[in-house]
Amino acid sequence: MIQLDNISKEYPDGILFSNVSLLIKKSMRIGLVGPNGSGKTTLLRLMLGIEFPDKGTIQKNKGLLIGYLPQDIIIGTKRSILNEVLDSFPEIRDIENRMEIVSSEIASNPNDTKKLKILGDLQQRFDGLGGWSIDKKAKEILGGLGFTEDQFQRNLDTFSGGWRMRVALAGILLKNPDVLFFDEPTNHLDLDATIWLESFLAAWKGSLVMISHDREFLNKSVNNIIEIDQAKVILYKGNYLSYRKQKQIRIEQQQAAYSNQQDTIAQTKRFIERFRYKNTKSRQVQSKIKLLEKLELIDEPTQNKKHINIRISQPARSPLKVVSLKSVSKNYGDISVYKNLNLEIEREQTIGLVGHNGAGKSTLLKMLAGVEPISSGVLRYGKDVTTAYFAQHQLEILDPNITIFESLQTVSSGKNETEIRSYLGSFLFSGDSVDKLVKVLSGGEKSRLALAKILIQPANLLLLDEPTNHLDMISRDVVEAALKNYTGTIVCISHDRHFLNEITNTTYEINRMLEHSGNPAECGSEVVAYAGNYDYYIWKKESGIDKNSDAERIKKPATKNKSNYKEQKRIANRIRVLKRKLEETEENLENIKIELLNPEISPDIPENAKRLYDLLEKDLKQKFKRQFSKSWFSKEKKPLFKDRFNYERSYDD
């Protein structure tokens, strides 16, 4: 389908890649990965023909139909979003218009056989292109991407940039091209829309070339990975998880080969130096010298060490209740988003907000940040609690006409120039780069700068709305590591499920509830709590286990006292003990697996295998049965505790 032969591309500041040869075949689904600035978008644009290589050739099959969704924001128009999507298939619209013209001509002259034949041919072509069901299909795609039926006739320019990108995506999917090219398609999608797109691509039969930093999305959407790193382009078969394993094996093999070669070179040089002037060894010395000259050197494997090392300012210890909402309502005109909401957020909770588009996730975050006022009720922060808010469109409110250093200087009271520069260095802005104007920065650089601005001052409560958009995977990993070490409270919205699983210990599901009256003023959203991360939330939903125990604290905020707090701490300590026991058991399991692979044991012999598995079963039963029968667990606590632990055990396995 698409063939790249020895292509090279370089810019004034360096070589992106050289001598790249790739063949993209039918049904290949490729994820392009690599650090920001490595050349992923450039390679994508070369395949599309938007840019051209400095050397080499790119060939495509004749008649290849391509669909491309760029990163750039789509310009708005006065047409409805439904018409925008339908117009992405101009051939169908053209045939439809011609059918209307011919039909009107036939109405005035029903016996015109020539026109009747033309109409029949047009109808046949229209049917072959799926024209009769095109409206229905367009609406299904728009619905899957989060649009409601009453929005289909709204003009495109009334939507924000992110929603316009969804309209463009809907148009591309409607065309059903041979190859889809996506550049960060999930950046403008919420979690529900991302999952819908995953399902759509799983059922889609075409090829795909995609840049994405969402590892869960890549795992479920691609079957090949192209990595671009340090001017090298390597193709791996399998999804992102498989690529990571293969890459690690390749690095280990290359490291071993490099080390062996270096040892050989060192030994050879020592031989040469020792016998260089000895006549009886002159022939051997010359042979060794020629061997070194002809030796093809193996490069030392290097992994990109240039990534963010974020230093989050840790806050002072906050009170147990960080923020509480009592009988809070929030209205936008006649529309009620929340009605009589009771909620308490406590110290060291890290909360992920999930729910359908429009349910009120961002509204809740804005109310907690004080950006949106509540309509009624009481929102109260704990004593001396400070907040920091990262908005979904934080990049758009950066001042484009000041430098990176000046942008930080405006929010870094009490810090001198050296401290600001050192802090910026932890976000990869070092040396003269801090004097760059904001308007020339890439999306990833702007995202790092926006994060740096809100994290420079210590805050008890971090409120994050899609904080990892535009960050590459290395940067996401480091942001995750920094937030895991953060001692304050976090409430975040993210469509990155890996991020939610790594960061959060509580999940709030926000559901839009409709009263029987059907009056928008009588509507509101319900908040249901799940005592675990995103995977725990999904497991709890799919298992059908009663969620009341998780949700009880949200519906009826409990009054905490000292004894309750101590009891909770004892349970938390017990969970840590059991998790440690689980790790020990897993280590025993690995040792047994290693023993089974030992050829001296002959694992094919039934009695040996049975002995090893009996040992494992006995070890598991003794450890876990003993822990769950501890007498200090009350009858009320034991089911919830056991339920939670069983989840963690099954998830880790």
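Bear in mind that the values in this text are calculations on the coordinates, not laboratory data. Because the structure is predicted, anything quoted here is derived from the model rather than measured. Don't worry about glycine lacking a Cβ; one is built from the backbone with ideal geometry, like all the others, and counts go over all protein chains shown.
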Checklist line | Label-to-label distance, nm, for residues given as residue 25 and residue 111 (7 Å Cα→Cβ offset) | finding: 6.2
Notebook entry, point to check: Per residue, what volume in Å³ does the Cα convex hull of the range 322-456 take up?
Noted result: 143
Notebook entry, point to check: Quick one: if you take sqrt(5λ) for each eigenvalue of the C-alpha gyration tensor of the range 245-294, what semi-axes come out, biggest first, whole angstrom?
Noted result: 33, 9, 5
Next item on the list: May I ask you to derive the FRET efficiency for residue 481 and residue 77 from their Cβ-Cβ distance with R0 = 30 Å, giving the value to the nearest 0.05?
Entry: 0.10
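Once the Cβ-Cβ distance between residue 271 and residue 435 is put in as r, and R0 is 56 Å, what FRET efficiency do you end up with, to the nearest 0.05?
0.55
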Note to self: Output needed: percent of Cα pairs per 10 Å distance bin for the range 87-225, bins running from 0 to the one holding the longest distance.
What the structure shows: 10, 34, 27, 17, 9, 3, 0
Next item on the list: Only residues of the range 34-77 count here: report those whose backbone N is under 14 Å from the spot 7 Å along Cα→Cβ of residue 204, or say none.
Entry: 65-70
Checklist line | Sites residue 580 and residue 97 - FRET efficiency at Förster radius 45 Å, r taken between beta-carbons, to 0.05 | finding: 0.05
Check: What is the spread of the Cα atoms of the range 242-382 along each of their three principal axes, largest first, in whole Å?
Finding: 99, 34, 20
Notebook entry, point to check: Can you list the GluC sites (Glu not before Pro) in the range 26-126 that are in a DSSP coil and have 15 or fewer other beta carbons within 10 angstrom?
Noted result: 51
Notebook entry, point to check: Working out 0.36 nm times the residue gap between residue 249 and residue 263, then minus their Cα-Cα distance, what length gain in nm do you get to one decimal?
Noted result: 2.9 nm
Next item on the list: Grab the range 245-294 and count how many Lys pairs have their alpha-carbon atoms under 23 Å apart, sequence gap of 8 or more, or different chains.
Entry: 9
Notebook entry, point to check: Sequence-distant or interchain residues sharing an amide H contact under 5 Å with residue 238, placed H: which?
Noted result: 224, 225
Notebook entry, point to check: For the residue pair residue 326 and residue 235, what label-to-label distance in nm results when each label sits 7 Å from Cα along the Cα-to-beta-carbon direction?
Noted result: 6.5
Notebook entry, point to check: By average Cβ neighbour count within 10 Å, what is the ranking of 250-263, 382-395, 524-537 from highest down?
Noted result: 524-537, 382-395, 250-263
Notebook entry, point to check: One-quarter of the Cα convex hull surface for the range 178-243, in nm²?
Noted result: 4.7
Next item on the list: Taking the Cβ of each residue in 190, 477, 299 as the centre, tally the other Cβ atoms inside 10 Å and list the residues starting with the fewest.
Entry: 299, 477, 190
Note to self: Apply the a/c threshold of 1.5 to the C-alpha gyration tensor of the range 11-138 and tell me whether it is rounded, prolate or oblate.
What the structure shows: prolate
Check: So, in nm, how far is label residue 401 from label residue 8 when the simple model puts each one 7 Å beyond its Cα toward the Cβ?
Finding: 4.3
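Taking N as the number of residues in the range 163-292, what is its alpha-carbon radius of gyration divided by 2.2 N^0.38 Å?
Expressed relative to 2.2 N^0.38 Å, the Cα Rg reads 1.84.
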Check: Over all distinct Cα pairs, what is the inverse of the mean 1/r for the range 71-141, reported as the Kirkwood hydrodynamic radius in Å?
Finding: 13.9
Margin query: Give me P(r) over the range 397-436, computed from all C-alpha to C-alpha distances, binned every 5 Å, as integer percentages.
Written below: 6, 26, 36, 23, 10, 0
Check: Exposure proxy check: 79, 476 ranked by fewest other beta carbons within 10 Å?
Finding: 79, 476
